[in-house]
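First comes the structure, then the notes that go with it.
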Amino acid sequence: MTTLSLCMIVKNEEETLGRCLSCAKQFADEIIIVDTGSSDKTKEIASKYTEKIFDFTWNNDFSEARNFSLSKASGKYLMWLDADDVISQDNIEKIIKLKQELSADMYMLKYVIAFDEMNNPTFSYFRERIFKRELGYKFTGFIHEAIPPFGNIKYLDIEIYHKKMKAGDPKRNLKIYNEKIKEGLILSPRELFYYARELFYNGKFKKCITTLKNYLKKEDLFLPNVIDAHKILSDCYINLGNNEKALDILLKSMNFSTPNAEICCRIGELLMQKDLAQAKFWYSCALICEKEFEKGAFIEDAYYGFIPYIQLSVICYNLGDLAQAKSFHQKAKAINPNHPSILYNEKFFC
């Protein structure tokens, strides 16, 4: 069986690290822990699972810390996790089985980062997760680090769950970006995109718009990021009170790719207050859109069924078509029967 080394960077993760490593010990032949300055019991917890614990002086560069962890591994294949990642038992079994047949250069596994009130996955995308050590894969990007994929790549139906125990510092990443820019760093197109996201999260909508417009002028852009840039631009204009511009931005995103379900739903939402027939058209379009995981897109499952169904129910009710409204309500209810909107709407259809 091929050896697999797990490589992690951690800092003050005493609440979640044991949970993660108790999963990892079932499949990892070697566990590498790189601590970037913990002041809690993180290293003590890590020592229960591995002797290979290393210190790394933090320098505001996640890739350097990640690559340092890779350099300490000896397995034929390497894998990375965050301390607040969890792997269910069925997915652990899938990884154990995968170890018996590892042959590709890199494996993309599904990363699930959000869940509904019933603990069903709602937001996921593929990440480069397992890869051959001998090929020298490296993380790039001082924030939102990633490994540029190359070689023989396989996408697998294995899920890693990202489950935070507490919220992080919302200003941390933006602070790092601003420090790097102040030092004179010229951001790459990918870094520009993620910098714009941090500006948006921190309510700096006008600066976010300027940054995204600059980003969209660059060449050889990653298509999913281009589409997401249009979504963020649209949200900026909504927050600035310009819904017409927000709608125009979403429509322009179709110059780059066929519309996905989220784009269709966003357009439908903007049209709800002005033209129910047009809103109905766009929500109906969302129902025929296919998920495109392999292209690297972020997938919010609710846009591919629940949201259009429940919104179509509301639209049909307001258009006077009660039979169709009830039909759409039942379809939404079948997906998430305990959602507050479903429970609220039940009184109209019971």
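Things worth noting here:
- Taking all protein chains together, LEU251, LEU70 sort by accessible area into LEU251, LEU70, largest first [probe 1.4 Å].
- Ranking ASN243, SER22, SER88 by Cα position along the charge dipole of the chain, where only Lys, Arg, Asp and Glu carry charges on their C-beta atoms, puts ASN243 farthest toward the positive end.
- Sequence-separation-based contact order of the chain, relative, with Cα cut under 8 Å and 6+ spacing, percent: 12
- Quotient of C-alpha Rg and 2.2 N^0.38 Å, computed over region 284-341: 1.24
- FRET efficiency, 1/(1 + (r/R0)^6) with R0 25 Å, evaluated for GLU15 and ASN60 via beta carbons: 0.60
- Coil-residue GluC sites (Glu not before Pro) of region 79-177, DSSP, other Cβ within 10 Å capped at 11: GLU101, GLU117
- Tilt relative to the chain, helix 205-216 - C-alpha long axis, 0 to 90 degrees, to 10: 70
- Shown here: Rg and Dmax of the Cα atoms in Å, derived from the displayed model; of the candidates (i) 29.2, 94; (ii) 30.8, 121; (iii) 22.4, 68, it corresponds to (iii).
- Label-point gap, in nm, between LYS138 and SER103 - each point 7 angstrom along Cα→Cβ: 3.1
- Ranking ASP85, ASP90, ASP105 by solvent-accessible area of protein heavy atoms (1.4 Å probe, all protein chains present), from largest to smallest, gives ASP90, ASP105, ASP85.
- Of all DSSP beta bridges in region 1-129, antiparallel share, percent nearest 5: 35
- Taking Cα atoms only, the orientation of helix 261-271 departs from the longest principal axis of the chain by about 40 degrees.
- Degrees separating the helix 243-252 axis from the principal Cα axis of the chain, which is the longest one: 70
- Sites ASN338 and PHE123, calculated FRET efficiency, Cβ-Cβ separation with R0 25 Å, nearest 0.05: 0.85
- Charge dipole (debye, nearest 20) of region 99-149; +1 at Cβ of Lys and Arg, -1 at Cβ of Asp and Glu: 220
- Region 251-350: trypsin sites (Lys or Arg not before Pro) falling in loop per DSSP and having at most 16 other Cβ within 10 Å: LYS274, LYS291
- For region 1-129, the relative contact order works out to 30 percent when only alpha carbon pairs closer than 8 Å and six or more residues apart are counted.
- J(HN,Hα) series, region 304-313, from Karplus relation 6.51 cos²θ - 1.76 cosθ + 1.60, nearest Hz, glycine and proline x: 9, x, 4, 4, x, 4, 5, 6, 5, 4
- Percent of beta bridges antiparallel (DSSP, the chain, rounded to nearest 5): 45
- Per-residue ³J(HN,Hα) for region 142-151, Karplus 6.51 cos²θ - 1.76 cosθ + 1.60, θ = phi - 60°, Hz, x for Gly and Pro: 6, 9, 6, 5, 8, 9, x, x, 7, x
- For the pair LYS182 and PHE349, a Förster radius of 45 Å applied to the C-beta separation gives a FRET efficiency near 0.20, rounded to the nearest 0.05.
- Region 110-213, relative contact order [Cα under 8 Å, separation at least 6], %: 21
- Overall form of region 31-166 per C-alpha gyration tensor (a/c, 1.5; a/b vs b/c): rounded
- Signed unit charges on C-beta, dipole axis of the chain, positive-most listed residue PHE222, LEU109, THR2: PHE222
- Filtered trypsin sites (Lys or Arg not before Pro), region 25-56: DSSP coil and at most 15 other beta carbons within 10 Å: LYS25, LYS41, LYS48
- Other-chain or far-sequence residues with amide H under 5 Å of ALA146's (modelled H): THR140
The values are calculated or read from the model by the stated rules, or taken from the named source; none is laboratory data. None of these values were measured; they are calculated from a predicted model. Heads up, the Cβs are rebuilt from the backbone with ideal geometry, glycines too, and the neighbour counts pull from every protein chain shown. Note: areas computed on protein heavy atoms with side chains; ligands, DNA, RNA excluded. Shrake-Rupley method; radii C 1.70, N 1.55, O 1.52, S 1.80 Å.
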